[in-house]
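The values are calculated or read from the model by the stated rules, or taken from the named source; none is laboratory data. Since the model is a prediction, treat every value here as computed from it, not as a measurement. Glycine gets a Cβ as well: all are built from the backbone with ideal geometry, and neighbour counts include every protein chain shown. Just the protein is used for accessible areas: all its heavy atoms, side chains included, with ligands, DNA and RNA removed. Shrake-Rupley method; radii C 1.70, N 1.55, O 1.52, S 1.80 Å.
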Amino acid sequence: MAKAVFTVGARGSKLSVAQTQAAMDFLARAFPCTRWRFTAVETPGDRDLTTPLEQSAPDFFTRDLDDAVRAGRIDCAIHSAKDLPGYSAAGVPMVAEGLDWFWLPNRADPQDCWVTRRGEAPRNRASFRIGVSSARRRAYAQATLPKAKLLPIRGAIDARLAQLKDGRYDAVLMAQAGLERLYPAGLADFEVHPIPLADLPPPEAQGYLAVTFRTGDTRFMALRERFAKAVRFVSAGVGDAALCTLAGLRDLCDADVVLYDALMGDLADFKARILREAGRLPAFVPVGKRCGAHSMKQPEITELICDEARKGRRVVRLKGGDAGLFGRLAEETDALTALGIPFVVRPGVSALTAATTGTGLLLTRRGESRGFTALTPRSTGQETPLVMFMAVQVAAEEAKKLMAAGYAQQTPCAIVFDAAGPREKVWQGTLGGLRQEQPELKALAAEGCPGLFIVGQVAAHLWPKLGWLKGARVLVTASEAVQTRVARTVEDRGGKPIAWPLISLEPRPIVYDEKYDAIVLTSPSSVRLFFAACPIDRRSLPAFFTCGAGTDAELRKYGLVSDVMPESDFSARGLMALFAGGKNLKGKRILRLRSAKAGPDVANALRKAGAKVDDVVLYDNVPMVAPAAKPADRRANCAMLPSFDAVHFASASAVEVFLAAYGAAALAGKTVYVMGEPTRAALPSNWSKRAQLLETWR
């Protein structure tokens, strides 16, 4: 099959060419059906080497590239993200009209650094000359080496280094990301002295690369879908942070940035809960509106949400009460829809229920009131939708009554079955259509599914199907320990996760002593269970060998990092390849902790490398669904499955349990996603070839 070919424009400096080639290689790996070719474009910043950067125009390094993208001479441009124009003093985005953008996820080291000639170091003396190119670096150099002489410096990295080598400067302050991209093997004639992030905080864009493209170009919007994380709209509840749902709290713990309203509760309470759960705090940005006092106008809030999502951030829009009630939610989600960026909305406790159910002012006392009306005098809409609870069995009859009372036959209506449950289903139609017998509705009603009957124009709307998964219902079979992580990935890709764990992890008792040189853990679950079983002083722990980024991420939650981890093959096989590749393990005492299903291969590879290994089973994989020996039993099990479009397997054990309980026929017509190659290998051959890896970009 022919690959789609894209022409990429960038500046012609050595650094720009190097980082653009790296970006094209990354995109080609992420999207194997594409091919990328490079063309150099000169910008005002390349032609004018005298104007100080702080005095230059916002599009100093992008203007000609912007023109080339808009004119169609190139399909996209790749920039250092910090070269993109930012915001004006009024908060208006200054990215060129007609362009859209996103950041690539593989950020380089964001630190700044001193660069000196070999054998030298920064010195605080009057004769020491420092080349600086920004007000931020100038302020740092002045505060750190107040006696030194600060001189402006311009030009590409190689030109600045040449000036340093020739003696015009004794040190240059620059971004470490550029050095690493241009000189991956290091610098022979110079020494690099990294500056801690706390001492010189970098711009948020430093180390990132940005892609710009024509607004509405669906090809690049589709590429962006793979890198953007779904924006979470979290309903904070009212008055008390405890009224935020568990799902909302999980979103807050995962967030990079939280854009919050003027909440009725205490924000400090939210931060304390996040800190307890996650051990870290996201950035909190106030965007709240009170009557007559707006910290930010609604269009600016909407643009900020979109921009943070374009950067690949995990964004939580934290709203008071319930996000869908008088919260201008649709304006914000419409903007994301236009960009093709997925989002998730978490319902919550509104002021309506808090003020009535919580106080005794009940709106539906039996024998006194059968319903209520809720509205705001501030809305310009003319319609008040009608919502009926417990009306599934009599929906058709109620539709007739409403039309007799004056409702038009074409009035939209909807029935929501099993709202937020695993069997959630939405039927949409009109009052006139509902009069007819609907076999689908009869079947759902016969199952006893609870439902709400909604009448009015609002019943014609549903959230759009965005992202790679386009709203697919994905059965998540992982153990409860991994459910949250997989569900987050499914949501990021625009799917709806349905929790259906097939395995529980049952820990075995273990006793740990401090005689080991290393501990080998090859799954996030093994990390969690180890620390649950061994609440020991972490300062006394040895090195950790892990097999991938997921296990390493779990280890980091306990303040530790992997000492040995494969660079690409994130599996036990990849870890064993490291041992075979000459890792010095002779005589080392190593504790291998694993599931009962994992087998002794890793321990044997360690022994072959000369290590002394204790191979210990940490937990058992216990099936949560009984196997079905007969076809009739399998059919009965399948009848219990919720409706789904795809299934995700996180382990070979989950594949085995699924096939034993439901049979391979249950996968017919479904898309299969897996976590890792060992899981793929456990599938029947005809399915393993088609199974896809479900990736997310952190």
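Across segment 675-690, in residue order, what do the Karplus-derived ³J(HN,Hα) couplings come to in whole Hz, using 6.51 cos²θ - 1.76 cosθ + 1.60 with θ = phi - 60° and x for Gly and Pro?
10, x, 5, x, 5, 4, 5, 7, 6, x, 4, 5, 8, 5, 5, 8
Would you mind getting me the FRET efficiency between residue 124 and residue 192? Use the beta-carbon distance for r and R0 = 22 Å, nearest 0.05.
The calculated FRET efficiency here is 0.70.
Pull out the extension gain between residue 262 and residue 276, defined as 0.36 nm times the separation in residues minus the alpha carbon to alpha carbon distance; nm, one decimal.
Numbers: separation 14, 0.36 × 14 = 5.04 nm, distance 2.28 nm.
Extra length available between residue 262 and residue 276 comes to 2.8 nm.
How big is the accessible area of residue 169 in square angstrom, nearest 10, if you roll a 1.4 angstrom probe over the protein chains?
10 Å²
Specify the inter-centroid distance of segment 94-126 and segment 464-483, based on alpha-carbon positions, in whole Å.
Comparing the Cα centres of segment 94-126 and segment 464-483, I get a distance of 37 Å.
If you count the DSSP beta bridges with both ends in the chain, what percent of them are antiparallel, to the nearest 5?
Antiparallel: roughly 45 percent of the beta bridges in the chain.
Relative contact order for the chain: what is it in percent, counting Cα pairs under 8 Å that are at least 6 residues apart? Write out the running numbers ahead of the final one.
On the way: 1278 pairs, mean separation 61.2, N = 698.
Taking the mean separation of contacting Cα pairs over the length of the chain, I get 9 percent.
To the nearest 20 debye, what is the magnitude of the charge dipole of the chain about its Cα centre, counting +1 on the Cβ of each Lys and Arg and -1 on the Cβ of each Asp and Glu?
Here the size comes out at about 1000 debye.
Between residue 185 and residue 246, what is 0.36 nm times their sequence separation minus the Cα-Cα distance? Round to one decimal in nm.
Values: separation 61, 0.36 × 61 = 21.96 nm, distance 4.71 nm.
The residue 185-residue 246 span can extend by a further 17.2 nm.
Any chance you could count the Lys pairs in segment 527-641 whose alpha carbons are under 19 Å apart, treating pairs 8 or more apart or on different chains as valid?
Lysine pairs meeting both conditions in segment 527-641 amount to 6.
Just the number please: accessible area per residue for the chain, 1.4 Å probe, all protein chains included, in Å². Before the final figure, lay out each step's value.
On the way: 34160 Å² over 698 residues.
That works out to 49 Å² per residue.
Note down the magnitude of the dipole of segment 600-676 about its Cα centre, charges +1 on Lys and Arg C-beta and -1 on Asp and Glu C-beta and zero elsewhere, to the nearest 20 debye.
Roughly 180 debye for segment 600-676.
Report the paramagnetic label zone for residue 597: residues of segment 492-512 whose backbone N is under 20 Å from a point 7 Å from Cα along the Cα-to-Cβ axis.
498-509
So between residue 465 and residue 338, what do we pick up on full extension, going 0.36 nm a residue minus the alpha carbon distance?
Gain in length upon complete extension: 44.5 nm.
According to a simple spin-label model (label point 7 Å from Cα along Cα-to-Cβ), what is the distance in nm between residue 298 and residue 617?
6.1 nm
Report, ordered by chain and residue number, the lysines lying within cross-link reach of residue 311, taken as a straight Cα distance under 22 Å and ignoring same-chain residues fewer than 8 apart.
82, 229, 297, 319, 465, 470
For segment 493-540, which whole-number percentage of the solvent-accessible area (1.4 Å probe, protein heavy atoms only) is attributable to carbon and sulfur atoms?
The nonpolar share, carbon plus sulfur, comes to 51 percent.
Obtain the nm distance between the two label points defined at residue 564 and residue 681 by a simple spin-label model: each point lies 7 Å from its Cα along the Cα-to-C-beta direction.
Once both label points are built, they end up 2.0 nm from each other.
How many angstrom lie between the Cα centre of segment 348-414 and the Cα centre of segment 537-570?
Segment 348-414 and segment 537-570 have Cα centres separated by 54 Å.
Using alpha-carbon positions, what is the distance between the centroids of segment 41-78 and segment 615-687, in Å?
Cα centroid to Cα centroid, the span is 53 Å.
Show that you can apply the helix-only estimate: for the chain, add -39,500 (n - 2.57) for every DSSP H stretch of four or more residues, divide by all residues, and state [θ] at 222 nm to the nearest 500. Mind dumping the intermediate values first?
Details: 24 runs with 216 residues, N = 698.
Result for the chain, helices only: -8500 deg cm²/dmol.
What percentage of the solvent-accessible surface of segment 300-372, computed with a 1.4 Å probe over protein heavy atoms, is contributed by carbon and sulfur atoms?
Exposed carbon and sulfur together represent 55 percent of the surface.
What does the charge count near residue 503 come to, summing +1 for each Lys or Arg and -1 for each Asp or Glu among other residues with Cβ under 12 Å from its Cβ?
With Lys, Arg at +1 and Asp, Glu at -1, the net is -3.
As I understand it, the value is the acute angle between the Cα axis of helix 14-30 and the longest principal axis of the Cα atoms of the chain; what does it come to in degrees, rounded to 10?
Between the helix axis and the principal axis of the chain, the angle is about 30 degrees.
Using a basic spin-label model with each label point 7 Å from the Cα along Cα→Cβ, how many nm lie between residue 370 and residue 355?
Distance between the two pseudo-spin positions: 2.6 nm.
Roughly speaking, to the nearest percent, how much of segment 621-698's 1.4 Å accessible area is carbon and sulfur?
Numbers: 2250 of 3910 Å².
Answer for segment 621-698 is 58 percent, counting heavy atoms of protein chains only.
Starting from the Kirkwood Rh over alpha-carbon pairs, what translational D in µm² s⁻¹ does segment 1-143 have by Stokes-Einstein at 25 °C and 0.890 mPa s?
Stokes-Einstein gives a translational diffusion coefficient of 138 µm²/s.
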